[in-house]
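Values quoted throughout were computed directly from the atomic coordinates according to the rules given, and no laboratory measurement underlies them. Treat the numbers as computed from the prediction; the structure is a model and nothing was measured. Cβ coordinates were reconstructed from backbone atoms using ideal geometry, including for glycine residues, and neighbour counts include every protein chain displayed.
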Amino acid sequence: MNEVIMGLYEIEEQAGKIMEESNMRRQEISEGYHRKREQAAAELKAEMEGRLTILRSQLEEQKAEEIAQLTQQSQRQIKALNESYQKNLNRFAQEIVERITEL
């Protein structure tokens, strides 16, 4: 009977050790999963920041090009207006004088 009790005690002791090892292994797996998840999140964040930097740079270039085009277009329009004004200055002056004298 004593041998049976000792056998049961040894079985219980081994079961306790197995449970401890199992808990330790589960904790190691959980920590590994956490590390991998945090690493993946950090990599994703870095990738997204890189992509955003590239997009910002592209948008800045596009904005600069559009501003340059609008500036050139405005300058051409101003030049055309000035040329038209210079070309028609005498006619405009005559029309103004005629209108004033008609009254």
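Distance between the modelled labels on THR71 and GLU98, one decimal in nanometres: 4.2 nm (7 Å Cα→Cβ projection). Among rounded, prolate and oblate, which fits the chain when a ≥ b ≥ c are the square roots of the eigenvalues of its C-alpha gyration tensor, a/c under 1.5 means rounded, and a/b larger than b/c means prolate? Prolate, because a/c is 1.5 or more and a/b exceeds b/c. ARG51 sits among other residues whose Cβ lies under 13 Å from its own Cβ, and their net charge, with Lys and Arg +1 and Asp and Glu -1, is -1. In plain terms, the chain from VAL4 to GLU60 could stretch by 11.9 nm, reckoned as 0.36 nm per residue minus the Cα-Cα distance.
At what distance in angstrom do the alpha carbon centres of region 56-99 and region 30-46 lie from each other? Answer, in whole Å: 57. Think of each Lys and Arg Cβ as +1 and each Asp and Glu Cβ as -1; about the Cα centre, that makes the dipole of region 14-103 roughly 140 debye. Stretched out straight at 0.36 nm per residue, the stretch from ALA46 to ARG91 would grow longer than its current Cα-Cα span by 9.5 nm.
Between the Cα long axis of helix 2-102 and the first principal axis of the chain there is an angle of about 0°, rounded to the nearest 10.
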